[in-house]
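The values are calculated or read from the model by the stated rules, or taken from the named source; none is laboratory data. Keep in mind that what you see is a predicted model, and the values were worked out from it rather than measured. FYI the Cβ positions are ideal-geometry reconstructions off the backbone, even for glycines, and counts take in every protein chain you see. Each accessible area value is taken on the protein alone, full model and side chains, heavy atoms only, with ligands, DNA and RNA left out. Shrake-Rupley method; radii C 1.70, N 1.55, O 1.52, S 1.80 Å.
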Amino acid sequence: MSTLLILYVLLCDKVELEKVHFPNRITFILDVSGSMNSSHFEVMANEVSFYVNKLNSTDCSWVQIILFNDYPTTVYELGEEKTIDGGWFELPSGTLPKSLYNLILTRRGNGGTSPYDAINEVITYNKNYKDNYAIILVSDGLFSNEEEKLDKTVPVFTICAEYNVGAMIKSLRLKQLCNISKQTNGVCLPRISQ
């Protein structure tokens, strides 16, 4: 059974203390679309590294990395680490956080932003694990496709990678991410890097 992590969880416009349960497998779905720039990727790299290290201290044993813009792409190799069992990296691993950090930090964004397609495709692909995995979506919240229905059997935790926009725009983007979390029984995770 996974350890309960106590985190301050941002639920759109208010902060509440919640207990977040991370299961044995976590899929990170990372936005690499055209609206993402080097500052977004720096925020994303810090956030993902923090959460991979947090997961490493729980009972989470497997991490999957999906990059998305118009289409999702599975990452099968990071530095010396290679995936097994259909795109899953085994934890604990000393090099995975550093390799993943470097992969994100060196990205250049392009294409549209279709998080719903990426989420639905990942859920379909991982249907054998749906009782024991969750998704962490990291995006700036600027989507190019309309909101779609998502499978509620897999919780989607979201992190906003937007770094420097006005309060109104940020709140609209954050609400889009929170809507994904609410629709899937997940939560908006707090940003560690401010």
*Are there any pairs with C-beta distances below 7 angstrom linking a residue in region 29-57 that is over 21 Å from Tyr76 (Cβ atoms) to a residue that is open to solvent by 10 Å² or more (accessible area, probe 1.4 Å) and assigned to a helix (DSSP H, G or I), with the two at least 6 apart or on different chains, and if so which?*
Glu42/Leu105; Asn53/Pro97
*How about region 126-154: which of its residues are more than 25 Å from Ser35 (Cα to Cα), of a type outside the set (Ser, Thr, Tyr), in a loop (DSSP other than H, G, I, E, B) and open to solvent by 30 Å² or more (accessible area, probe 1.4 Å)?*
Lys130, Asp131, Asn132, Asp151, Lys152
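Which residue is nearest to Leu30 (Cα to Cα), if the candidates are limited to region 102-139 and must be of a type in the set (Ser, Thr, Tyr) and modelled with pLDDT of 85 or more? Don't jump to the end; show me each part of the working.
Within region 102-139, the subset of a type in the set (Ser, Thr, Tyr) is 106, 113-114, 116, 124-125, 129, 133, 139.
This time we only want the ones that are modelled with pLDDT of 85 or more, so: 106, 113-114, 116, 124-125, 133, 139.
Details: Thr106: 13, Thr113: 10, Ser114: 11, Tyr116: 12, Thr124: 18, Tyr125: 17, Tyr133: 17, Ser139: 6 Å.
Checking each candidate, the answer is Ser139.
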